[in-house]
1. Could you please let me know if Leu93 is modelled with pLDDT of 95 or more and of a type outside the set (Phe, Trp, Tyr)?
2. Which pairs turn up if I take residues in the stretch 29-52 that are over 15 Å from Gly102 (Cα atoms) and look for partners that are modelled with pLDDT of 90 or more and in a strand (DSSP E or B) with beta carbon separation below 8 Å, at least 6 apart in sequence or on another chain?
3. What do you reckon, is Asp277 of a type in the set (Asp, Glu), within 19 Å of Ala169 (Cβ to Cβ) and assigned to a loop (DSSP other than H, G, I, E, B)?
4. With the requirement that a residue be closer than 30 Å to Ala270 by Cβ and surrounded by fewer than 16 Cβ atoms within 10 Å (Cβ to Cβ), what does the stretch 191-222 give you?
5. Looking for whichever is within 21 Å of Val121 (Cα to Cα) and either surrounded by fewer than 19 Cβ atoms within 10 Å (Cβ to Cβ) or touching a Leu at 6+ places or on another chain (Cβ under 6 Å) (or both) here; the options are Ala8, Ala54, Ala86, Ala98. Which one fits?
6. Give the residue that is modelled with the lowest pLDDT, with candidates limited to residues of the stretch 3-23 that are in contact with a helix residue (DSSP H, G or I) (Cβ under 7 Å, 6 or more places away or on another chain) and not β-branched (Val, Ile, Thr).
7. Could you list, in sequence order, the residues of the stretch 202-220 that are in contact (Cβ under 8 Å) with a residue 60 or more places away in the chain and part of a helix (DSSP H, G or I)?
8. What's the number of the condition Val59 fails, among (1) touching a Gly at 6+ places or on another chain (Cβ under 7 Å); (2) without any contact (Cβ under 8 Å) to a residue 40 or more places away in the chain; (3) surrounded by fewer than 23 Cβ atoms within 10 Å (Cβ to Cβ); (4) not acidic (Asp, Glu)?
Amino acid sequence: MSALADQAGSVELPGGGFVAFEVHGARHGGVPVLLLRPMVGAMALWGGFRDALAARARVIAFDPRGTGASSDAPADATTRDLARDAVALLDALGEPVAHVFGISFGAMIATWIAVDAPARVARLCLASAGPVGFALTASGVGRALEMTATALVPGDEAVTHLVGEVLSADLREGRPSRVAAVEAAAATAPADRVEVLKHAVAAARHDASAELHRVVARTLVLAGDRDELIGDAPTAALAAAIPGARLEVVANAGHDLTLERPAETAAIVADFLLADD
């Protein structure tokens, strides 16, 4: 359990398996914020972003099946399946509704929560994702190939290094100590290669484009202006496909806004999710 967590445990899922979770900021009332991380990243990586949110709201973080302290994912798991797991977690915690924030792979899962369980989502914030999975830029394809090669190298450190690879070139070249800190956090819950592959297949198969018109929650879509993996077109397409969604670009941030600009991103997310209007 994180030293800052107010509650931690695991929840058995109706179809088998379990998910590990933590609750932060339990002193706050009102609607909680459910967090969904990118592929490979366990909840230990939320760090400063989660802490900043927990200063203003109750925050629920969890490891999807195949990540961190949760059970393995089914071989044929989809992003929609993992969304059902998230709803089952809310059920077990007695939360009828939550604000939902998802980034990258987590945004794909969050999208299905909003589509399939609209009554459970108060407000929705999606970051660094598009309507379909793996819409990479030309440079992103090269980065993805490098990441794949890294994942195939024996040793736990190789998979941990994948988390650092999603950071922007500016951060990786200019702030090596920050990259080292991110990789150290990832090393506390190393990813299994087989589970990484399952999530990669689920992400590649993700396609919510025909269902996005069904999202009724007020929605904010976030993008980093230095996202070298997917660029700005997918996030713009996602915002355009969700009725009434607003797109906001975070300055000086790459694909994982929560790792590169944790305080700034948390302020944007909290202001949107917790607004009275």
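1. Details: modelled with pLDDT of 95 or more: yes; of a type outside the set (Phe, Trp, Tyr): yes.
When the stated conditions are applied, Leu93 passes them.
2. These pairs meet every condition: Val31/Ala98; Val31/His99; Val31/Ala122; Asp51/His24.
3. On the way: of a type in the set (Asp, Glu): yes; within 19 Å of Ala169 (Cβ to Cβ): no; assigned to a loop (DSSP other than H, G, I, E, B): yes.
It is false that Asp277 is of a type in the set (Asp, Glu), within 19 Å of Ala169 (Cβ to Cβ) and assigned to a loop (DSSP other than H, G, I, E, B).
4. Keep residues of the stretch 191-222 that are closer than 30 Å to Ala270 by Cβ, which gives 191, 199, 202-203, 206, 208-209, 211-222.
Ser209, His213, Arg214, Val216, listed by residue number.
5. Testing whether each residue is within 21 Å of Val121 (Cα to Cα) and either surrounded by fewer than 19 Cβ atoms within 10 Å (Cβ to Cβ) or touching a Leu at 6+ places or on another chain (Cβ under 6 Å) (or both) leaves just Ala98.
6. Going residue by residue through the stretch 3-23, those that are in contact with a helix residue (DSSP H, G or I) (Cβ under 7 Å, 6 or more places away or on another chain) are 4, 11, 13-14, 19, 21-22.
Adding the requirement that they be not β-branched (Val, Ile, Thr) leaves 4, 13-14, 21-22.
Values: Leu4: 73, Leu13: 97, Pro14: 94, Phe21: 97, Glu22: 97.
Per the stated criteria, the residue is Leu4.
7. Correct list: Ala202, Ala203, Ala204, Arg205, Leu212, Arg214.
8. Answer for Val59: the failing condition is (3).
The values are calculated or read from the model by the stated rules, or taken from the named source; none is laboratory data. Here the structure is a predicted model, which is why all the values come from computation and not from measurement. Note: ideal-geometry Cβ built from the backbone for every residue, glycine included; neighbour counts use all protein chains shown.
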